[in-house]
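Shown next, in C-alpha cells, is the structure this report addresses.
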Amino acid sequence: MYSDPGQSARSDHNIAIWGAPGSGKTTFLAALNIALIRKNGPWRVVGADGPSIDFLSEMTSALSQHQRFPPATGALGHYRWFLSRSPEQGRRGWLRRRRQARAWKIGLDVLDAPGGFFRAERAGYGTDREELLDNLASSRGIVFLFDPIRESKDGDAFAYLHGVLADLAGRMLATDEYDDGMLPHHLAICITKFDELRVLQTADKLSLLTPDPDDPHRFPRVAAEDAEELFQALSTVSASGNADMVLPALKQFFRPDRIKFFVTSSIGFYLDQRKGVFDPDDFQNLIPETPGGAGGQENSRAAPGNRFRIRGQARPINVMEPMLWLGRRMSSGKNAGEGDG
C-alpha cells in the first residue's frame, strides 16, 4: 500500500545510507522489511510511491523467497518510505476507558547510491555526486555501514569516507548556522556481516557476545554499549592499515551524543528448524552455490555472478534498530515510540 505521491513528495525526516561498495547498502534496505515483519510489533514499512513499493517487494522476495542477495547498486536510487507505528491500546483501569496510544509515522527519504559515489575523487560523477551531497546535507540521519570483511581484504573504508566527509563539512560548516563546528546529523554506525565467522569470533574473543533473553532462538548479540569496542578491534584488521582513521574522522565532525553503534547482519544466522535454537557448530547462513566456489565469499554477496546463496531463512539482526533509533532521535515529539525498538 502507498499514499498519494503528490501528498508525500517530501518526507519530514531524511535518512541517508553511506558505505563503500559491497558494504551491503542495498541488502540492508531489503532486510529492513523482513526484520519488521519478523518482529511482529507495531512498526511497519509503508511505501510512498510506486518505485519504492516495487523495490521493497522485489528485494524482500529476493532475500526471503529466492534466497539471493539484491544486485549491487549501479545508479542512484531514491526511495521514499514511512516507518509507521500503529496505535496501541493502553491498560484500562477500573471504571476507566481503555487509553489508546498515538499513531506515529516517521518519513524515510532514502538515497541509495553506488559505493563509488563516495570515493575521494570528484571527477566522473558530476551532477550525481552533487545529488548525493545534497541528500547528505538535507538528511539529519545517516546510516554508515562498515564492512569488516571487505576492509580486511581491500582496506578502503577510509578512502570512501574522507573525501565526501570533507565536501559535506565544507558545504555545511562554511555558514554560521552551526556555531559549534559540528555536523547536525544523527549517525548510526553499523558493523555489518555479524554472521561471518571472523566477525563472530572476534566478538567472542573480546567476550562481547551476550544472548538476548527475549529471543527464543538464543541468537548471540553484541550489546549497544559494547559495539564500539568491536568496531575498534575490527578496524585493526585492514589491508591498507587506514581503518583506524575511520572513527576519529567521524568523531571530528559528528557530535558524540548523536552517534550510536550497532552490530548488524542482513541475513542472520542459520537456524535448524528441528532444533529451533542457535547452534555454535552450525550457524553459517551463507553457502557456496556450487562445489569449490569458496573463493571470494566475502565480496560475493552483492556481486554479479554471485556464487553464494542464503542457506536458510533470512533473519536480520539489528537492521530495524538503527532506523528506529534515528527516527526517534529526529522526531520532535518525545513519545514517538521512545524506548520501543
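The values are calculated or read from the model by the stated rules, or taken from the named source; none is laboratory data. Note that the structure is predicted; figures quoted are calculated from it, not measured. Here the Cβ is made from the backbone with ideal geometry for all residues, glycine too, and neighbour counts use every protein chain on show. For accessibility, only protein heavy atoms count, side chains too; no ligands or nucleic acids. Shrake-Rupley method; radii C 1.70, N 1.55, O 1.52, S 1.80 Å.
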query = From the phi of every residue in segment 276-281, what ³J(HN,Hα) in whole Hz does the Karplus formula 6.51 cos²θ - 1.76 cosθ + 1.60 yield, where θ is phi - 60° and glycine or proline is x?
reply = x, 9, 4, 10, x, 9
inquiry  = Need the list of lysines near residue 260 for cross-linking: C-alpha distance under 28 angstrom, and skip anything on the same chain fewer than eight residues off.
reply    = 25, 39, 105, 153, 193, 205, 251, 334
Simple spin-label estimate for residue 40 and residue 244 in nanometres, 7 Å along Cα-Cβ = 4.7
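Where does each of 133-140, 275-282 land if you order them by average Cβ count within 10 Å, highest first?
On the way: 133-140: 18.0, 275-282: 11.1.
Averaged packing, sorted descending, gives the order 133-140, 275-282.
Applying 1/(1 + (r/R0)^6) with R0 = 30 Å to the Cβ-Cβ distance of residue 217 and residue 78, what FRET efficiency is obtained, to the nearest 0.05?
Working: r = 36 Å, r/R0 = 1.18.
E between residue 217 and residue 78, to the nearest 0.05, is 0.25.
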query = Taking H as built 1.01 Å from N, whose amide H comes closer than 5 Å to the amide H of residue 221, not counting residues under 5 places away?
reply = 210, 212
remark   = Using alpha-carbon positions, the gyration tensor of segment 176-228 gives root eigenvalues a ≥ b ≥ c; with a/c under 1.5 called rounded, otherwise prolate if a/b exceeds b/c, else oblate, the class is prolate
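Using mean Cβ contacts within 10 Å as the protection proxy, how do 237-244, 45-52 order, highest first?
Numbers: 237-244: 16.1, 45-52: 18.9.
Going from most to least packed, we get 45-52, 237-244.
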remark   = Dividing the mean separation of Cα pairs under 8 Å (6+ apart) by the residue count of segment 117-261 yields a relative contact order in percent of 32
query = Which sequence of 129, 198, 315, 258 reflects their accessible areas, 1.4 Å probe, from the largest down?
reply = 198, 258, 315, 129
Interchain or long-range residues, amide H under 5 Å from residue 309's placed H = 287, 289
note = PRE zone check, label point 7 Å out along Cα-to-Cβ of residue 251, amide N under 17 Å, scope segment 131-166, hits 158
note = Residues other than residue 44 with Cβ under 11 Å of its Cβ, Lys/Arg counted +1 and Asp/Glu -1, net out at +3
ask   = For segment 162-267, what % of the accessible area comes from carbon and sulfur atoms, probe 1.4 Å?
value = 50
